[in-house]
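Written below as structure tokens is the structure these notes are about.
What follows draws every value from the coordinates through simple rules; no lab data is involved. Everything quoted here is computed from the prediction, not taken from an experiment. All Cβ positions, glycine included, derive from the backbone under ideal geometry; neighbour counts span all protein chains shown.
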Amino acid sequence: MIEILRVFLFGFFAIFIGLFFMGIGRKIIARIQLRLGPPFYQAFLDVGKLFSRKSITHNFVMDLGMVMSLAGLVATMLFVPIAGHTAIKTSSNLIVIMYLMAIGYLGMAMAVAASGNPNATIGVSRALTMMLGYEVPFFTVMLGLIIINGTSSLELIANSQAGSILNWNMIKFPLGFIAAEIALQAMMGEKPFDAMIAPAEIASGPMVELSGKYLGLAFLTHAVSIFVETAIIVNLFMGGASNIFTFVLKQFEIYLITVIIEAVFPRFKIEQAVKFLWTVPMSIALLQLVLIVF
Amino acid sequence: MTSRWDVERFGIGPMATPRQADVLLVTGYVSLKTLKRIIRTYEQMPEPKWVLAFGSCTVNGGIYWDSYNTITNLAEYIPVDITVSGCMPRPEAVMDALQTLMKMIQSGEAGAYKKYKENYEYYKANQDRVLRKTYPILGEKLIQNEEAATSIE
Amino acid sequence: MNSIVFLIVIPLIAAFLSLFLGKNDKILAYIVTLFNIIFSILILFSGKIPFNVAIGGWRAPYGINYAVTDLTIFFLVLVNVAALLALTSVREIMEYQFYSFYFVLLSSTNGIVLTGDLFNFFLFIELSTFAVAGLISYKRDRLSTGAALKYLILSSTASIFSLAAIGLIYKTLGTLNFADIANKVNNLNEASLSLILILYISSLLVELKIFPFNMWVVKAYEASKTSVNLFIHGMLGTAGIYGVLRILLMVFSKETGKLTLSGNLSSILMLFAFVTVIIGEIGALTEKNMKKILAFSSMAQLGIVLFGISLGSFDALKGVLYIVISNYLAKFVMFLTVNEFSKVSGSTNYLDMKGLGRRYPVLAISFTISALSLMGIPFFAGFWGKISIIGNAVFSGKLELIGAVLILIASVIEGVYYLRISHTFFSQGHEREGRISRVYCLLPMILALVILFIGINPDSFENIISILLDEIKSPEKYIKLILSLK
Amino acid sequence: MVEIFIIPLVTAFLLAIFIRNKKVVWPLFLISNLYILLKLWTLFGKWEIEKTIYTNYELFGAKLSFTLSNNPLGWYFAFFSAVITLVISVFSLGFNQKTKENVAPIWMLIIFSNLGIFFAADWITFFMMWELMGWTSFFAITNGRDKALNEAKYYLVLSLLGASSMLIGIILLGALTGSFEIFASAYGLVQVFYSEKALSIAAIMLLLFAFFIKSAIFPFYMWPSKVYAVGPEDYITFMSSVMIKYGIYPIAMFIVPVVGSLDLPKILNTANWIQYFVGYLGAISAVLGTILAIFQTDMKKLFAYSSVANMGYILLGFASMNIVGFEGALFHAVNHMVLKAAIFLTLAAVIFRTGESEMHKLGGLVYRMPITFLTFLLGIIAAAGIPPLNGFGSKWMIIQALMSQKMIIFAIAMIFASTGAFMYLFRALASIFLGQLPDRFKDIKEVPLTMLIPMIIMMIGMLLIGVVPGVVMKPLTTALRAVGYNVNIASWTSLEGALKNSTIDLTLVFLIFLGGFVISAIMYILGNKSETVPQEDNYTGGEYPEEWGVNADRFNYSYSFYQPFKEMFEPLLEKISIDEFFASIGRNFEYMSATVQGLFRRGEGAVLLFSIGVLLLILGGWII
């Protein structure tokens, strides 16, 4: 029973933090662009509004897919240790996390493709291409950390960096961190890697037919994915944290970098993005891997 | 509406598709060709939805009042919640209108989309009356010809 | 057992008789052939094997002698059964020339297998050559005349060579008797043995359809009737293989039972063998005419046989015998099937035979079984030959290894064209008027079942082969058998 | 033991007799498969059962004998393939109502050879069954249809080439070790390896060549795409799920133990060169299969390349030479069997109803075939290796093993392939089932019950193996133990990894996913209600698509789905085409054929050639 409660607690906590980050992110971008920007709680208002609106659906796959997408991300989130805690005692295996995340994306892709709008399908096709682009360098970085620690447990990797800041993988393996940061940028779908959204080009791509609560669920999915992805980076490179507050702070630092990059960059075409991801971060990551393994 | 005026501070932002939108801004004169698309876009928006008519052209035709292919009053074809006069209206005016609309929504005054449902025949009749003049871009004959050509293959 | 001569004499007499009997020739042919079969089977079960018959009382090595050993009787039965099976494909009424040539062929092939004398052997080969040439040209059109002429030219060239070889042997060893030559062959010096062998082999290879001596094959098969194809394949071909086994392995062999050829001669022979295999299979690859395909395939199979013989090991020889029997049976099935199908479809192009396999599944399945056997696929007779030959080739040397690989590749090509034909039989075809009587399906089916039986149960054939191999392994028994009469 | 061999033969014979009567053939086929499965079930644990047939046929001085033995690893493969075969044969019952041709007798022969391959205890028996499978497949693929002939020929050539190389390999092996028994020869090979290095490696390579051909590993990766596109769909399901594993089984049975026992020099302290050789081929197959699958427009071809990629994973698992990787590879073999069967059954169902296998001509079938859609969805989730379904566990084990062996290139290749898998799998899902339903498919119905039941069974199977991997892992570990590997018997729910602290409990993963689902569903229910709109009601920038002559077909984005990606790889793939290389070999043979025929048609050269032959002989005689 207590475990079920923990599951809910962790789930909603992630949603909360994710939305909070999104709101602050918008604010920061506005300030970079010399605007006032919306209030930091704007994301909550948006989600509240979306859930209260009526929405349209094309068939049951859309409903199923959207639910699946949030479910996948929340499930992933439950595997990621937050300041050493996980909702349920598991080995928080990195590979499991990477694959579970995919079910969320698959659900989203399925839902939007079910609408039958070509813009949505183009968006998904770009998103999946992008995924191939960033997963490879990101995994290469992860591989190095897994090999040096001899474990694929995220928790153990985080624990191995305990102590001073010099033990952080970020300091020990700066190249890997840079590669992972670039991959993270793509993973979150932020500029310059947002070819799949591209509102002016393909009418916000996957989201084109999402309305009301479906868009709300997509927002929540995005929020949780921000939480999960930053949490993975924090665990991998910044040694986790001893309490939740520091953990969220570290997550926010990571998110801050992403947002700042997002604010100042234009957009890559999809093939440019993939080529970039396979050349620059990939070679950095490989260099790091070679340094680690040999 | 851009960073100089920054409507985002009120939580307002442009959306790429009608599915995600709450408010439809009709900016400038409405030709018959545009009207058709406005109607489709409006009908695709999920409820609740509001329309902001922007500039004189949408109210009385503006300088196009006697044009053969523009409409003069948008409210005859779709229900308009609020209008902004001026040619062109200042950004401040638009922002003011949006703020007013927000207040109206809170107070429950703005519910024109309900009117559209109730008086659908009226709006439909008006739309049909003017849209009879427009034809499909490729024309039905052309489509048929094309199909015939493919079937021959 | 002097009556063994009947096997040769009675067909010869029948050849004369057939000139006068007219339409009753067919009955005569069946009677004579059945007599030959029954007689040879009687010999087989008489328990007197091996024995030797000196003709006219002139004992070996001075006179002509007919020796019946295990190897002889095996091939004797094969030749005579082949004659009967081939006769069954003769449906229409033939003129007397056909039958008289047939009788001559029957007599001469029996003679080839029975004789124990090199010159006598040569005579029978010549006789069979004329008979076959006559049979090929039986149709009397441009194509068949040309084919027969080609065959005649090549055979006569070959016979000049073999005559020269015989002359040389007589000059050097003073004898023409197989046993006597085998006894004295060690006295020959290397050079003369090489020369004799070169001359003799050149002539033998013509009958064995080995490239480059086989230019006659395809045209002869294409131009003649199915029954004639079967005569060439079943009677002449089988007798030719016997000749090669007997002469190369038991007569001109210095080492016991092995193909001892000086220097690179055996390598050249092997080269011929696998070039023949490759040429045969490649030639058949895009061919549409079924008869030509089968001709090419015959070449290839005999190439494998020669390859196995030239490997010079008894294991490989065992494989050769399996290949011989598989090819013997399979080609019968195929020719008979093609014969029936071409009658229905009106052409020998296999594409015209589309869909016939659905109406006559027995024939088509029999054809497929034969094809698989020729490819050396397990569960069919050919496999036991292939595995034995390939297995022995792999460890014999570089050339042998290349040969083995080429033969395997060739069998892949064979698979492509044969199974393509099988597929054509089984694919959807249009309706046809002609019908095939069920009786004619029976024979191919039985032969195919024999192939299958040998393939599944090699024991059945293994015992026969081991007896044959025993004889080839110890030629001194043969020598003793013939020369002890002195 | 012998019954399971006699029954298929007898059934094949009966099927051939009743071939025109479909009401007899397919039920008989089903019953026979059911019997085989039940019989196999009773054989579990009775590893000592053996049946030997002795012959007098001598090869290399020893008499040949054919032995069939119930070896544990073979049982593992045979049992699961029998399960899949049974499910497919239920499907065939409904599927073959319309077809004109009848593949059942040949298929039964293949099932016979299937059992033979898995239960053969000596190489000769193995080879015989292997060859039997080769040519029967040819007939099964063409199934009497001319349009399939070229592809079937391609398969036949590869198959026969593989068998030829295997024959030489077996002969080498027999001569080296003096035994044709698989276990004895493996043991013997390890003994003689150091003294007869070249020959031993040659034997291993020749055998690998044959196995790679059958399992569509890199240089021979094209045949599935050719064959699957034309063969009868129900048989293709069998082929893609079961038959493609024939190369995997002997590798697990023979190559892995042999290479594992050898003490070869290691490269970079990680693995020896044979491991790298096998691993690189596996990695290339995985990557190339994935990339090519992304470009396909025919759905059967797409999943054919997907099979190639999956075979690559399995090979990577073997290459790791780690017990976790080995288990993972064998586990993946069964997982792939199940999920590929599920996917191909749905494809067959789609083709059964629409008669179309080009993906861009389909679309929106979810409106009409929801259960088929669900099966396909679960199938692709499993194929993508996403947790609650069955593809994940085995892929995870293989990656774990690769990481623990520090085979970084292989691990990256594997990740590339499995991420790329999302691309092509989603593409198939979107193009076939999602999107707009064209008018011509407005009237189609869900497939009949006989075809639905197998699909539902496959769904349950995938979920069951995914949540309770012990269903497969327990028999697998038991079998491995019986063979002599030192493994722990797996638990029902969790999988052991190769790294520190890496046991995962798949049931727990499933439960957590359920938890996430509940949270998500709560959010969904909290939202305002939604209305369903027809498929034409889509955002189109305000345009009315029908006015532009845009119908459902044109409104779908599914033809060049990954065009930018394709443009990235096209120059690379255009330059290197192994397919073209093989085709040119075939063409050259055909040109040569015409030349040879010409040679025999003209008569002038006869005597000349004769003299050349004689000259050659004389040369041979003189040059001593």
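When chain A is modelled as a GNM with alpha-carbon springs shorter than 10 Å, which of A:Pro281, A:Pro192, A:Pro118 fluctuates the most? Answer for the Gaussian network model of chain A: A:Pro118.
The order of C:Val405, C:Val79, going from fewest to most other C-beta atoms within 10 Å of their C-beta, is C:Val405, C:Val79.
Take the eigenvalues of the Cα gyration tensor for chain C, scale each by 5, and report the square roots as semi-axes in whole Å, largest first. Walk me through the intermediate numbers first.
On the way: eigenvalues 232, 141, 84 Å².
So the equivalent ellipsoid measures 34, 27, 21 Å along its semi-axes.
Where does the Debye-calculated log10 I(q)/I(0) of the stretch D:1-62 sit at q = 0.15, 0.20, 0.25, 0.27 Å⁻¹, using only Cα point scatterers of equal weight, no solvent? Cα-only, vacuum Debye calculation for the stretch D:1-62: -0.63, -0.82, -1.00, -1.09. Can you work out the FRET efficiency for the pair D:Glu48 and D:Leu268, with r the C-beta to C-beta distance and R0 = 51 Å, to the nearest 0.05? The calculated FRET efficiency here is 0.75. Residue by residue, the stretch C:19-32 carries 3J(HN,Hα) couplings of 5, 10, 7, x, 6, 7, 3, 4, 4, 4, 4, 5, 4, 5 Hz when phi is fed to the Karplus relation 6.51 cos²θ - 1.76 cosθ + 1.60 (θ = phi - 60°); x denotes Gly or Pro.
Ranked for footprinting exposure by Cβ neighbours inside 10 Å, fewest first, C:Asp470, D:Asp505, C:Asp180 give C:Asp470, D:Asp505, C:Asp180.
Once you have a ≥ b ≥ c as the square roots of the Cα gyration tensor eigenvalues for the stretch A:151-294, tell me rounded if a/c is under 1.5, and otherwise prolate or oblate according to whether a/b is larger than b/c. Can you show the working numbers first?
Numbers: a/c = 2.51, a/b = 1.44, b/c = 1.74.
The shape class here is oblate.
Measuring spread by the Cα atoms of the stretch D:264-528 yields a radius of gyration and Dmax of 19.6, 67 Å. Along the axis of the charge dipole computed for the stretch A:2-293 (Cβ charges of +1 for Lys and Arg, -1 for Asp and Glu, origin at the Cα centre), the listed residues A:Ser55, A:Met131, A:Val112 are led at the positive end by A:Ser55. Only Cα sites of the protein assembly as shown enter the Debye sum here, all with the same form factor; the resulting log10 I(q)/I(0) across q = 0.09 1/Å is -1.19, listed in q order. How far is helix C:459-473 tilted off the main Cα axis of chain C, in degrees rounded to 10, range 0 to 90? It works out to around 30 degrees.
An oblate overall shape is assigned to the stretch D:25-170, the ratio a/c of its alpha-carbon gyration tensor axes (a ≥ b ≥ c) being 1.5 or greater and a/b not exceeding b/c. Let me know the shape class of the stretch C:341-486, please: from the alpha-carbon gyration tensor, a ≥ b ≥ c as square roots of the eigenvalues, rounded when a/c is under 1.5, otherwise prolate if a/b is greater than b/c, or oblate. Cα axes put the stretch C:341-486 in the prolate bin.
Each other residue within a Cβ distance under 14 Å of C:Thr276 adds +1 if Lys or Arg and -1 if Asp or Glu, for a net charge of -2.
Note that the stretch C:366-371 has calculated 3J(HN,Hα) couplings of 4, 4, 4, 4, 4, 4 Hz, one per residue in order, obtained from phi through the Karplus relation 6.51 cos²θ - 1.76 cosθ + 1.60 (θ = phi - 60°); glycine and proline are x. Here the convex hull built on the C-alpha positions of the stretch B:7-152 has a volume of 136 cubic angstrom per residue.
Treating r as the C-beta distance of B:Tyr68 and B:Met88 and R0 as 25 Å, the FRET efficiency rounds to 0.60. In the distance distribution for the stretch A:2-293, Cα-Cα pairs more than 33 Å apart total 19 percent. Relative intensity of the stretch A:20-102 on a log10 scale, I(q)/I(0) at q = 0.16 Å⁻¹, equals -0.92, per a Debye sum over C-alpha point scatterers of equal strength in the absence of solvent. Can you compute the label reach from D:Gln97? Point 7 Å from Cα along the Cβ direction, backbone N cut-off under 17 Å, restricted to the stretch D:350-368. In the stretch D:350-368, the label zone of D:Gln97 (backbone N under 17 Å from the point 7 Å along Cα→Cβ) covers D:350-355. Under the combined filter of DSSP loop state and at most 16 neighbouring Cβ atoms within 10 Å, the stretch B:23-116 retains these chymotrypsin sites (Phe, Trp or Tyr not before Pro): B:Trp65, B:Tyr68.
Considering only alpha-carbon pairs that sit under 8 angstrom and 6 or more positions apart, the relative contact order computed for the stretch C:8-148 is 29 percent. Counting every other Cβ atom within 10 Å of each residue's Cβ, D:Thr177, B:Thr17, D:Thr595 order from fewest to most as D:Thr595, D:Thr177, B:Thr17. For chain D, complete DSSP H runs whose alpha carbons reach 24 Å or more along their own long axis and whose mean Kyte-Doolittle score is 0.5 or higher are D:22-43, D:72-95, D:123-142, D:149-177, D:197-214, D:273-295, D:299-319, D:323-354, D:408-432, D:449-467, D:506-526, D:605-622.
Quick one: helix C:438-456 against the long Cα principal axis of chain C, what's the angle to the nearest 10°, folded into 0 to 90? Around 50 degrees separate the two axes. Averaging sequence separations of C-alpha pairs under 8 Å and six or more residues apart, then dividing by the length of chain D, give the relative contact order as a whole percent. Value for chain D: 12 percent. Annotation for the stretch C:83-186: GluC sites (Glu not before Pro) lying in DSSP loop with at most 13 further Cβ atoms inside 10 Å of their Cβ are C:Glu92, C:Glu95. Take the alpha-carbon centre of the stretch C:71-143, take the same for the stretch A:146-219, and report the distance between them in whole Å. Here the two parts' Cα centres lie 87 Å apart. The radius of gyration of the Cα set in chain D, together with its Dmax, comes out at 26.1, 101 angstrom.
For the stretch D:582-622, the pair-distance distribution built from all alpha carbon pairs, in bins 5 Å wide starting at 0, is 6, 19, 14, 15, 15, 14, 11, 4, 0 percent. So which DSSP H runs in chain A come out at 27 Å plus along the axis (Cα) with average Kyte-Doolittle of at least 0.5? Passing helices, by number: A:2-32, A:60-79, A:94-114, A:118-149, A:212-237, A:244-264, A:270-293.
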